[in-house]
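To keep things clear, I will list the structure first and then write my remarks on it.
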Amino acid sequence: MKDDCEFCRDEFSHTTVKEYENWKVQLFLNQYYLGRCLIKLKKHKVDLTELSQDERNELFEKVLPEVQGAIDSLFEPDLYNQATLGNDCRHFHLHVIPRYEDKREFNGEVFRDQNWNSNYTPYPRDFEIKDESFKKLQDKISEKLQ
């Protein structure tokens, strides 16, 4: 654990949908891309090349397929982007970004991927959904991952 790392301090624990041996899956606060999740390594490491074989195997053989499978069953995305950037937080994590050619609706809210057929960024950093919708989405993904 690194004291100055927001992921090590687990500042977003309230967004967790499932924990694995080496990984924690959290619903990304900005839901411009409906179902976007963050897969965060529990140990403090910075780069993909630092992961142990066990950490890599669990990520690619279990966690990532299960997370995408849960999102598939709920929203049927047309494709996924996965990103390991580390620009804002130097703690290894993977963004799972569902992409949609057509609009999706959830809990009375409409989601449109205005970047379809191009890079997922830029996107509105201030995009917000109702707290009720976020919690319901968190519960639905969590249920699918059990």
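Pairs exceeding 18 Å between alpha-carbon atoms, taken from Lys24/Lys62; Lys40/Lys136; Lys42/Lys136; Lys18/Lys136: Lys40/Lys136; Lys42/Lys136.
When Thr49, Thr121, Thr15 are compared by accessible area of protein heavy atoms, the largest-first order is Thr49, Thr121, Thr15, using a 1.4 Å probe. If only the Cβ of Lys and Arg carry +1 and only the Cβ of Asp and Glu carry -1, the dipole of the chain around its Cα centre is close to 60 debye. Computed on the Cα atoms alone, the convex hull of region 71-146 gives a volume of 120 cubic angstrom per residue. Values of log10 I(q)/I(0) for region 1-66 across q = 0.18, 0.20, 0.23, 0.29 Å⁻¹ run -0.70, -0.86, -1.08, -1.34, by the Debye formula with one identical scatterer at each alpha carbon and no solvent. Computed with a 1.4 Å probe over protein heavy atoms only, the accessible area of Lys62 comes to about 90 Å².
Val67 contributes an accessible area of around 0 Å² to the protein surface, as traced by a 1.4 Å probe with all chains present.
Working note: Cα gyration tensor of the chain, eigenvalues times five, square-rooted, sorted largest first, giving semi-axes of 24, 16, 16 Å. Per residue, the chain reaches -7000 deg cm²/dmol at 222 nm when only DSSP H runs of four or more residues are counted, each adding -39500 (n - 2.57).
Label point 7 Å out from Asn81 along Cα-to-Cβ: which residues of region 34-61 have amide N under 20 Å? 34-40, 48, by backbone N distance to the label point.
The values are calculated or read from the model by the stated rules, or taken from the named source; none is laboratory data. Everything numeric in this text was worked out from a predicted model, so none of it was measured. Neighbour counts are summed over all protein chains in view; Cβ atoms, including those assigned to glycine, are modelled from backbone coordinates with ideal geometry. SASA here: full protein model, heavy atoms, side chains in, ligands and nucleic acids out. Shrake-Rupley method; radii C 1.70, N 1.55, O 1.52, S 1.80 Å.
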